[in-house]
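So the structure is just underneath, and the comments pick up after that.
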Amino acid sequence: MTATRTPTGALITPNADLREAFLRDGYVVVPGVLDDDLRQRLIMVTDRVVAAQMAEHTSRHKTTGSMVQITSDPVYVDLVTLPSAIEALARLGYPTPSFSDGWVISKPAGGPRLFWHYDWFTWQDDASLGREPCQISMMYYLNSTRVQNGCLRVLPGSHNTHNPMHDVLSSPRGDLSAGTNMDSPEFTDRPDEVDVPITAGDVLITDARLLHAGHPNTTTERRRLVTLWYQPDPAGLPERMLAQLAGKRQAPPSGWPVEYRRRLESILVRYDGHAVAYERAPYRRLPDPEPARVRS
Ligand SMILES: O=C(O)CCC(=O)C(=O)O
């Protein structure tokens, strides 16, 4: 693959192995993207932002821990526009991404399991069934994670092929975020699940269609995560999909310093056309996985 230039001016040659692993599994970990100085600033602000939430927020988001927009503080713009992160995306073959929304997801000590889910809601468009993702996350765990403090679990390949968990998710079962029924099948162990422990400073990149869940946090310390959502190739998206994604964009508050507003605006997804945004549509069946090859 040929080298491409990012908006920050870096000349990046895509890494074919990294890209293949990402397209095959639906996720990949890129080490050493977030420096320690920014990580410490993010921890400080994240704890403050989460502490400011009302008790009602905490009980509504029991299984995620919290769900606060990144526009709660300008420091998150430093993460959204982080040059080393944009370069990591360029190595995956996505040099000119746009950003739509981001969330502070902070699982307190003793926080329960997170349910199985995907984060893609435009399944009515055939582009959702292709090999390339229409949306990806960059997940920054601000502390190192492991099974004990609630690391992520994934079903590799479930972004591109049907998984039995998709059938489970097709019948609505009330409010999974509030965790009122932890016996729901969305909270079960799966035979094909894989743990994804992360070293703080690394970034986990996922395809929005990938099925994922989380372990409970059985430690005495908070586990902090910031999830950012990007369009890897906004120019290649169908217009109705782009209109939907642009509808979710988190614009900078008018009270922010001009410099932070300008930087967030510079990467925010836009749609200036007249196509009608897609409604939120649930899963449409992906192809079955290829049967395992058996030697004759
Ligand atoms: O809390 C986690 O580890 C996962 C969060 C998540 O599922 C998401 O951001 O979509």
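Hey, any hits in segment 25-36 for a residue that's charged (D, E, K, R), within 16 Å of the chain's Cα centre (by Cα) and surrounded by fewer than 20 Cβ atoms within 10 Å (Cβ to Cβ)?
yes
Which residue out of Asp195, Asp125 is within 16 Å of the ligand (Cβ to nearest atom), of a type in the set (Asp, Glu) and in contact (Cβ under 8 Å) with a residue 12 or more places away in the chain?
Asp195
Run down Trp120, Trp103 and say which single residue is under 15 Å from the mean Cα position of the chain (by Cα), outside any loop (DSSP other than H, G, I, E, B), under 25 Å from Leu245 (Cα atoms) and modelled with pLDDT of 95 or more.
Within the list Trp120, Trp103, the selection yields Trp103.
Looking only at segment 247-296, filter to residues that are among the aliphatic types (A, V, I, L, M) and within 19 Å of Gly102 (Cβ to Cβ); which one of those is surrounded by the fewest Cβ atoms within 10 Å (Cβ to Cβ)?
Ala251
Just to check your reading of the model, which residue among Thr161, Thr145 is modelled with pLDDT of 95 or more and either surrounded by fewer than 19 Cβ atoms within 10 Å (Cβ to Cβ) or more than 17 Å from Thr64 (Cα to Cα) (or both)? I'd like the intermediate steps shown before the answer.
Values: Thr145 fails: either surrounded by fewer than 19 Cβ atoms within 10 Å (Cβ to Cβ) or more than 17 Å from Thr64 (Cα to Cα) (or both).
Exactly one of Thr161, Thr145 is modelled with pLDDT of 95 or more and either surrounded by fewer than 19 Cβ atoms within 10 Å (Cβ to Cβ) or more than 17 Å from Thr64 (Cα to Cα) (or both), namely Thr161.
So Val49 fits all but one of (1) touching a helix residue (DSSP H, G or I) at 6+ places or on another chain (Cβ under 8 Å); (2) part of a loop (DSSP other than H, G, I, E, B); what number is the exception?
Result: Val49 passes all but (2).
Being surrounded by 20 or more Cβ atoms within 10 Å (Cβ to Cβ) and either over 21 Å from the mean Cα position of the chain (by Cα) or under 21 Å from Pro133 (Cβ atoms) (or both) narrows it down to one of Pro95, Pro14, Pro7, so name that one.
The match here is Pro95.
Run Asp47 past the list (1) crowded, with 17+ Cβ neighbours inside 10 Å; (2) touching a strand residue (DSSP E or B) at 6+ places or on another chain (Cβ under 9 Å) and report the number of the one that doesn't hold.
With (1) crowded, with 17+ Cβ neighbours inside 10 Å; (2) touching a strand residue (DSSP E or B) at 6+ places or on another chain (Cβ under 9 Å) applied to Asp47, the lone miss is (1).
Just one of the numbered conditions (1) crowded, with 20+ Cβ neighbours inside 10 Å; (2) farther than 23 Å from Trp256 by Cα; (3) at pLDDT 95 or above; (4) of a type outside the set (A, V, I, L, M) is not true of Tyr76; which one?
The number of the failed condition is (2).
Is segment 111-129 home to any residue that is over 24 Å from Thr145 (Cβ atoms) and touching a Gly at 6+ places or on another chain (Cβ under 9 Å)?
The answer is yes, given that some residue of segment 111-129 is over 24 Å from Thr145 (Cβ atoms) and touching a Gly at 6+ places or on another chain (Cβ under 9 Å).
Just to be sure before I move on: is Thr64 within 16 Å of the ligand (Cβ to nearest atom), closer than 28 Å to Asn163 by Cα, touching a residue at least 24 places away in the same chain (Cβ under 8 Å) and among the polar types (S, T, N, Q) in the structure I sent? Spell out how you get there, then give the answer.
Numbers: within 16 Å of the ligand (Cβ to nearest atom): yes; closer than 28 Å to Asn163 by Cα: yes; touching a residue at least 24 places away in the same chain (Cβ under 8 Å): yes; among the polar types (S, T, N, Q): yes.
When the stated conditions are applied, Thr64 passes them.
Mind telling me which of the residues Arg223, Arg190 ends up being closer than 30 Å to Gln40 by Cβ, within 16 Å of the ligand (Cβ to nearest atom), modelled with pLDDT of 95 or more and surrounded by 17 or more Cβ atoms within 10 Å (Cβ to Cβ)? It would help to see each step written out before you state the result.
Values: Arg190 fails: closer than 30 Å to Gln40 by Cβ.
Checking each option against the conditions leaves just Arg223.
Name the residue that is nearest to Gly32 (Cα to Cα), counting only residues in segment 133-172 that are more than 16 Å from the ligand (Cβ to nearest atom) and touching a strand residue (DSSP E or B) at 6+ places or on another chain (Cβ under 9 Å).
Asn160
Does Met44 count as of a type in the set (A, V, I, L, M) and either outside any loop (DSSP other than H, G, I, E, B) or touching an Asp or Glu at 6+ places or on another chain (Cβ under 9 Å) (or both)? Give the derivation first.
On the way: of a type in the set (A, V, I, L, M): yes; either outside any loop (DSSP other than H, G, I, E, B) or touching an Asp or Glu at 6+ places or on another chain (Cβ under 9 Å) (or both): yes.
Answer is yes for this residue.
The values are calculated or read from the model by the stated rules, or taken from the named source; none is laboratory data. Please read these numbers as outputs of a predicted model, since none were measured by experiment. Cβ sites come from the backbone with ideal geometry, for glycine too, and all protein chains shown count toward neighbours.
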